[in-house]
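Laboratory data are not the source of any read-out in this text; all were calculated from the coordinates shown. The shown structure was predicted, so the numbers you read here are calculated from the model rather than taken from an experiment. Cβ sites come from the backbone with ideal geometry, for glycine too, and all protein chains shown count toward neighbours.
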Amino acid sequence: MLPIEVTALREQLAQQGVTLVAVSKTQPIDKIQALYEAGQRVFGENRVQELTAKYEQLPQDIEWHLIGHLQTNKVKYIAPFVQLIHSVDSLHLLVEINKQAAKCGRVIRCLLQFWVAQEETKFGLTWQEATELLQSPQFANLHNVEIVGIMGMASITDDAAQTRREFDQLRSYFEQLRQQFFSQQASFSTVSMGMSGDYRMAIEAGSTMVRLGTLLF
Ligand SMILES: *Cc1c(COP(=O)(O)O)cnc(C)c1O
């Protein structure tokens, strides 16, 4: 897409209440810069090292999201600047994010990643693991993280009905968590689902944040 087309897509999505995360992994600085100049401010990376390198080279008002699997020993590198971590899949990781955020005097916003796909290789929490995490006394003591929603990835499949079922499942997890745990917290409002191949269906199913790489670059 041309940067101007990305701008049009971003505005169209915004009208539907959907935030566009430009997934810039493996993309060179000049291509990211071109989207930035066309008004894009939210970028997502899936590797810590690449994220920190790009953070240092690009304008400071970019909102950087970490969308890929995060190892506890790498949290410290992104804690000073990351705006949203999409991939929280354990209490252990959340405790470390909280610790590093506290050191920086920050509150880091996070999404709980759910596992809904068929593939064993994908990461994420089951419903039971997520509720256990949210009910644990340890979680209640974390004051430097804020859970603002959920994230998920659908299976890689040609079966549109299955993709739709998985997105519906994610949206339903979001609704249930909101009711049971976040009814007093208006900031719990993000459903991050939808990639280049399936984002339209994700929006139909109630996505509020799409993560697009291939389609944009
Ligand atoms: C790469 C990636 C995307 C973007 O995928 P595209 O198919 O290129 O749009 C979205 N989410 C995650 C977690 C990714 O790793």
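In table form, for the structure just shown:
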| quantity | calculated |
| --- | --- |
| Cα Rg over Rh - the range 63-175, Kirkwood | 0.99 |
| Straight-distance crosslink candidates among lysines, where the alpha carbon sits under 23 Å from Lys99 and sequence neighbours closer than 8 are dropped | Lys74, Lys76 |
| Per-pair calculated FRET efficiency, R0 = 41 Å: Gln16 and Gln128 via Cβ, rounded to 0.05 | 0.80 |
| Calculated P(r) of the range 128-182 - Cα pairs past 14 Å, % | 63 percent |
| Positive-pole candidate from Thr19, Ala53, Gly39, dipole of the range 9-79, charges at beta carbon | Ala53 |
| Alpha-carbon centroids, the range 150-213 and the range 16-67: separation in whole Å | 21 Å |
| Test item: Cα-centred dipole of the chain, Lys/Arg +1 and Asp/Glu -1 on Cβ, debye | 520 debye |
| Cα Rg, Dmax, the chain, angstrom units | 16.7, 49 |
| Dipole-positive endmost among Val107, Gly152, Ile85 within the range 64-153 (Cβ charges, Cα centre) | Val107 |
| Amide proton proximity set for Met209, modelled H, under 5 Å, gap of 5+ | Thr19, Val191, Met193 |
| Cβ-defined net charge surrounding Met151, 10 Å radius [Lys, Arg +1; Asp, Glu -1] | 0 |
| 27 Å Cα-Cα threshold exceeded, pairs from Lys25/Lys122; Lys31/Lys103; Lys54/Lys122 | Lys31/Lys103 |
| Percentage relative contact order, the chain, counting C-alpha pairs under 8 Å, at least six apart | 19 percent |
| Relative pair counts by distance (%), Cα atoms of the range 31-108, 5 Å bins | 3, 16, 28, 24, 15, 8, 5, 1 |
| Ranked by how many other beta carbons lie within 10 Å on average, peptides 9-16, 106-113 from highest | 106-113, 9-16 |
| Over the range 101-145 - Rg/Rh using Cα atoms and the Kirkwood inverse-distance radius | 1.08 |
| Helix-only CD estimate at 222 nm, as mean residue ellipticity for the chain, using -39500 (n - 2.57) per DSSP H run (n ≥ 4) | -12000 deg cm²/dmol |
| Cα centre as origin, Lys/Arg/Asp/Glu Cβ charges: the range 57-111 dipole, Debye | 220 debye |
